[in-house]
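J.: Shown below is the structure under consideration.
The values are calculated or read from the model by the stated rules, or taken from the named source; none is laboratory data. The model shown is predicted, which means the values in this text are computed figures rather than measured ones. Cβ placement follows ideal geometry from the backbone for every residue including glycine, while neighbour counts extend to all protein chains displayed. For the accessible areas, the whole protein counts, side chains as well, though only heavy atoms, and no ligand, DNA or RNA atoms are used. Shrake-Rupley method; radii C 1.70, N 1.55, O 1.52, S 1.80 Å.
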Amino acid sequence: MIERIADVKEWYCLLPQFENLNHEVQQLVYRSFYSFVYKDIFFLVRDHAITEDLIQESFFKILSAVHKHEVARILPWIKQVVRNQTLDYLRRMHKYRKLTYLDNVNHIVSILEIGAGTAGVEDHVENKIRDELLHEAIAKMKPEYRLVLMLYYIEGMTIQEVAEHVRLSKPAVSQKLKRARKKLLEQFQRKWNLND
């Protein structure tokens, strides 16, 4: 079967036969899956324990349906299952308002076209306040808006790729992205003005 575990780079190819693998290889496959999905789940829930629970739930769900999918298209399907599981969890727990912070705020800041000076201490403090307010504005957005922003601006997907990923049409994704930017700008400006 597999002579050396270290040689298993395409772990997802082993998912259809997971139950027939020896324990050591099963652990390797699970750890590879864990590494593959952790940041996507943690990005949305911001809680390590919940992230681990969702990884386990997603893994079992994937194992139960993996035989229905082509190995060549399995990675995008895995990402979709994981995101759906995570969003379902968030809906169940009503945590829309408790989600926090995108990791890479710089992309969103450039969307809003906010100038940032670096000349002195005042500028540094102002930038820090601006970033905190931006994080707060992002945290108040609906998960679907946060998701399209993340896919488009952070992961660098095209509109077409985002549409395929969230199972919407290109015009619907463009509209959702436009609304998300508008809402983010409104939220941010409201917070920024209150802070002055």
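J.: For region 84-196, which helices (runs of 4 or more DSSP H) that fit wholly inside it have 2 or more residues that are modelled with pLDDT of 65 or more, within 25 Å of I50 (Cα to Cα) and open to solvent by less than 70 Å² (accessible area, probe 1.4 Å)?
T.: Details: elements: 105-112, 121-139, 143-149, 159-166, 170-195.
Because the criterion is at least 2 residues that are modelled with pLDDT of 65 or more, within 25 Å of I50 (Cα to Cα) and open to solvent by less than 70 Å² (accessible area, probe 1.4 Å), the helices (runs of 4 or more DSSP H) in region 84-196 that meet it are 121-139, 143-149, 159-166.
J.: Still on this structure: Looking at E52 and the list (1) part of a helix (DSSP H, G or I); (2) modelled with pLDDT under 85; (3) not aliphatic (A, V, I, L, M), which single condition is not satisfied?
T.: Evaluating E52 over (1) part of a helix (DSSP H, G or I); (2) modelled with pLDDT under 85; (3) not aliphatic (A, V, I, L, M) leaves (2) as the failure.
J.: Then there's this: Please count how many residues of region 11-39 are buried (at least 19 other Cβ atoms within 10 Å of the Cβ) and either without any contact (Cβ under 8 Å) to a residue 24 or more places away in the chain or charged (D, E, K, R) (or both).
T.: 2
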